[in-house]
Every structure is written in C-alpha cells, then in structure tokens.
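All remarks here apply to the structure that follows.
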Number of protein chains: 2
Amino acid sequence: MPAHFPDMSATAEEEAYRHVQRALRHGRYKPGDRLIPEEIAAEIGMSRMPVREAFRRLASDGLVILRPNRGCVVAGLTVDELFEIFEIRSVLEGLAVRLAMPRIDEEAFEELDRLLVRMERAGQSGSSDWVVRHQEFHGRICALSQRPKLIHQISALHVVIEPYMRIWFDDCDKPHSAREEHAAVIAALRSGDEHLAEKVMQEHILSTAPMLAEFVSPTR
Amino acid sequence: MPAHFPDMSATAEEEAYRHVQRALRHGRYKPGDRLIPEEIAAEIGMSRMPVREAFRRLASDGLVILRPNRGCVVAGLTVDELFEIFEIRSVLEGLAVRLAMPRIDEEAFEELDRLLVRMERAGQSGSSDWVVRHQEFHGRICALSQRPKLIHQISALHVVIEPYMRIWFDDCDKPHSAREEHAAVIAALRSGDEHLAEKVMQEHILSTAPMLAEFVSPTR
DNA sequence: TTGATGATACGTGGATACAAAAATACTTTT
DNA sequence: AAAAGTATTTTTGTATCCACGTATCATCAA
C-alpha cells in the first residue's frame with residue numbers, strides 16, 4: 001500500500017462501524033430490523049467480535065438498541081423523540097452560529113453562498129444528494145464555531161435523523177423553504193447580530209421538525 | 001441469588017462499564033493513566049473481552065481515549081475543552097429549565113427547596129458529597145423537562161466534569177455562591193418567565209467555568 | 001380451536017487461543 | 001558513555017470455542 005495512503009482501515013472494528021453506520025444512514029436497514037453479527041461479519045469478511053464492538057458504539061450513538069441476550073435491533077424514532085432531537089439541535093446549532101459569527105470572514109461567506117447554490121441545484125435535479133448538501137451547509141456553520149465537542153455532538157444528531165431526512169426529501173417538492181431559511185441565516189450572520197443569528201437558526205431548525213414528523217414510520 | 005433481586009448485573013460488560021466509570025468519576029484514575037484490560041478484568045473477575053467492550057462505550061462518552069494498537073488512556077480536559085463543555089451545558093440545561101417550567105407544580109418546588117438545603121448542609125460539613133448534591137439539583141430540573149434524550153446528554157456531560165468538580169469543591173470554601181445562584185434559578189422558575197429562567201440557568205453555569213478552570217491539571 | 005408444554009435450533013455473552021504490533025530490555029558499536 | 005539496532009516481553013486485535021438464554025415450532029390436553 002502506498003505510503004501516502006496510510007492505513008485507511010486501521011482496525012476491523014472501525015471498518016464494521018463505518019459499514020453499518022453507512023447502511024443505517026442510507027436507510028438500508030429499517031427500524032426494528034435485527035442485526036446479526038455473524039451475517040454482517042460475513043459481509044465484510046471478518047469474525048463476529050469486531051462487529052460486536054462496533055455495535056456498542058452504534059448503540060452509544062443511539063443508532064441501534066442493544067438488549068442483553070436478545071441482540072441488536074435498528075433504533076427508530078417516535079415522533080416525540082424526533083421533536084426532541086430537533087429541540088436539542090436548535091439550541092446546539094444556535095450556539096454554534098452565535099460562536100461562529102466573530103470568526104466569519106468574507107471568504108467564509110462566499111463558501112456559504114456556494115453551498116447554498118449547490119443545495120438548490122441538488123434540489124432541482126431531484127437527487128437524494130439533497131440531504132448531503134443540506135447537511136453540508138449546517139456542518140459548515142458548525143465548523144466555523146471552532147468547537148470540536150460541539151461539532152461532534154451536532155453531527156452525531158445529524159446521523160440519527162439522516163434516514164428520516166432522506167425520506168422527507170424524496171417525497172416533498174419544496175426545497176425552496178429550506179433555501180430561503182438558509183439564506184436568512186446568512187443574512188443574519190452578515191448583519192453582525194449574534195442573537196439574531198442564533199434565533200434565526202433556532203427557528204429554521206424548529207420549523208423543519210413538523211414537516212419531517214409525518215414521515216416517521218407509524219409502526220412503533 | 002434470590003428471585004426478588006433479579007439479575008442486577010445483567011452482563012459482565014455492564015459491570016465493567018459501571019466499575020470503570022465509577023472509578024473515573026471519583027478521580028481514582030488520573031488523566032493520561034493507561035488502563036490495561038487484563039488488570040481491570042482481573043479486579044472484577046472476568047476476562048478482558050467484556051472490559052474491551054466497556055472501553056468502547058466509555059470512549060464514546062469521552063471518558064477515555066482509545067487508539068488502535070496502543071490501548072486505552074484516561075481522557076483529560078484542557079481548559080478550552082472544559083469551557084466548551086460548560087458552553088454546551090449552558091444551552092442544554094437552559095433548554096431543560098425552559099421546558100421544565102410548565103411542568104413544575106408546588107410539590108416540585110418543595111423538592112427543589114429540599115435539595116437546596118441538602119446541598120447547603122453537605123457544603124458546611126465539608127464532605128465531598130457536595131458534588132453529588134449539586135448535581136442532584138441540576139439533575140432534578142433536567143428530569144422535570146421530561147425529555148429523555150436531553151436528560152441523557154446532560155448527565156453524560158456531568159459525568160465528564162465530575163472529577164474536576166470534586167477537586168474544585170474540595171479546595172474552595174465558597175459553596176455560598178452556588179447556593180445563591182440555585183436559589184435564583186428557583187426564583188426565576190416561580191416567576192413563570194421561561195426566558196428569564198433559561199437565562200439565569202445559562203449564567204449560573206457559565207459563571208462556574210472560570211472558577212473550575214484553575215483546577216484543570218496543567219500537565220497536558 | 002385454543003392454550004399450555006416441551007424439544008430443537010439459533011443467537012448471544014464470555015473465555016480462551018493465537019498472531020501481530022508496541023513497548024521494553026539488552027546488546028553492540030562507535 | 002551514547003546511539004543504534006536487535007531480541008524479548010507485553011499488550012492488543014481478532015478468531016474460535018463453549019455454555020447458556022431465547023425464540024420457534026410441534027405436540028398434546030382442555
């Protein structure tokens with residue numbers, strides 16, 4: 001292996017973690033599905049042990065539920081839980097944008113504008129990359145806050161809601177409101193008013209939740 | 001084992017998790033200490049396998065750091081990280097108190113008053129239970145919010161800062177400011193003004209950070 | 001037909017075994 | 001005596017194995 005491409009898959013556990021997380025984010029497993037270590041291990045060519053360890057982390061992330069002696073099932077969100085996550089996101093990302101404000105320069109603004117355009121284009125083409133572009137915008141703002149733990153917590157929540165966002169985005173035909181709200185966030189940032197920016201972000205996030213809620217699978 | 005005492009320690013992994021977490025919270029291991037699975041496994045009479053799995057969860061909680069092929073070391077916080085955690089707590093617990101407000105009845109107020117008194121007494125007796133009492137107050141308010149995920153996230157952060165709080169409480173002789181600030185939170189709750197309560201809580205939490213910061217071990 | 005009972009297959013939790021990687025101790029060389 | 005290299009020990013990562021718990025399904029009684 002080339003030296004400049006160092007050790008991509010450090011451990012089997014890490015590979016298992018990524019593999020399953022990716023599948024969950026893309027909605028390849030549905031809530032309630034049972035994940036059998038042996039099967040997954042076979043898929044990626046390893047023994048059950050690293051997979052079990054990956055399950056522990058996924059459970060900590062809230063992506064699966066691990067119950068003693070009865071294995072691992074894909075976690076699903078109730079409407080209440082979905083709303084709760086959006087409440088939490090609203091204050092965390094509100095904080096992020098407030099902290100980001102003093103660190104944003106003109107270059108960063110241009111970057112945000114570019115992301116806005118890319119999201120718009122992805123929306124028109126109807127592709128499911130939508131979600132990715134949407135998250136990129138939120139992620140970029142979080143990153144600007146320069147707070148590692150804050151960024152980490154927020155992105156963990158984004159992973160949990162990603163499958164629901166995909167369903168929503170597939171179904172709904174108005175990426176426009178998201179575009180406008182993101183533009184409003186940028187405008188608030190440009191205004192230089194920290195508390196305004198925080199508030200606009202909070203409202204943007206909270207306004208998304210009710211729309212998403214309709215797509216939470218009722219089978220729970 | 002008696003049937004009415006059902007399976008307290010469901011799995012070995014759970015026991016290992018509790019054991020190590022407890023030790024970390026009490027500061028029995030210091031940041032940078034290396035945790036050797038074999039040793040811990042021996043302490044509690046099991047093989048190193050469940051301990052390894054417990055390590056994964058503890059790493060997710062941010063209590064230890066796991067690096068491929070070089071084991072598990074106790075995580076320590078830099079001053080920046082400590083501040084960051086308090087920023088995050090400020091918005092999360094601010095949210096919690098805001099959501100708790102409409103659910104608080106007279107009985108709950110009396111409970112909070114009792115906790116206030118207990119904290120005061122623990123402070124006078126100089127005992128290290130201080131921390132526990134202090135957390136109980138914050139924990140009670142979070143619980144009143146009735147938001148499982150929010151409660152979970154907040155208590156995870158409390159675990160991370162607990163060892164630092166213990167050092168602080170051992171050293172400083174003014175539990176009084178904490179008492180007054182907690183009283184202010186209760187007063188704000190009684191006033192019925194959600195946003196006031198949120199703000200008072202945020203300020204209480206942020207005012208604690210600088211005092212704590214002095215006790216962060218400089219060896220990092 | 002329905003509900004209890006028991007046999008069977010499957011899966012999980014944990015211990016042990018083994019190979020590979022790090023850390024450590026020990027030479028050897030300068 | 002210091003540095004570099006080598007051998008030895010320790011520890012980690014993964015695979016395999018076994019015992020127990022759980023679920024499934026067939027059998028049988030009411």
Scan of segment A:46-69 for residues that are under 17 Å from A:Q153 (Cα atoms), open to solvent by 20 Å² or more (accessible area, probe 1.4 Å) and either more than 15 Å from DNA strand D (Cβ to nearest atom) or among the hydroxyl-bearing types (S, T, Y) (or both), ordered by number: A:A59, A:S60, A:D61, A:G62
Test A:E84 against the criterion of being within 16 Å of DNA strand D (Cβ to nearest atom), closer than 28 Å to A:L150 by Cβ and open to solvent by less than 30 Å² (accessible area, probe 1.4 Å), and give yes or no. no
Candidates A:E13, A:E93, A:E43, filtered to the one that is of a type in the set (D, E, K, R), surrounded by 21 or more Cβ atoms within 10 Å (Cβ to Cβ) and within 13 Å of DNA strand D (Cβ to nearest atom): A:E13
In segment B:43-98, what residues are more than 10 Å from chain A (Cβ to nearest Cβ), touching a Ser or Thr at 6+ places or on another chain (Cβ under 9 Å) and within 12 Å of DNA strand C (Cβ to nearest atom)? B:P50
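The values are calculated or read from the model by the stated rules, or taken from the named source; none is laboratory data. What you are looking at is a predicted structure, and each value in this text was computed from that prediction instead of being measured. Every residue, glycine among them, receives a Cβ derived from its backbone with ideal geometry; neighbour counts consider all protein chains shown. Ligands, DNA and RNA are stripped out before the accessible areas are found, and what is left, the full protein with its side chains, is counted by its heavy atoms. Shrake-Rupley method; radii C 1.70, N 1.55, O 1.52, S 1.80 Å.
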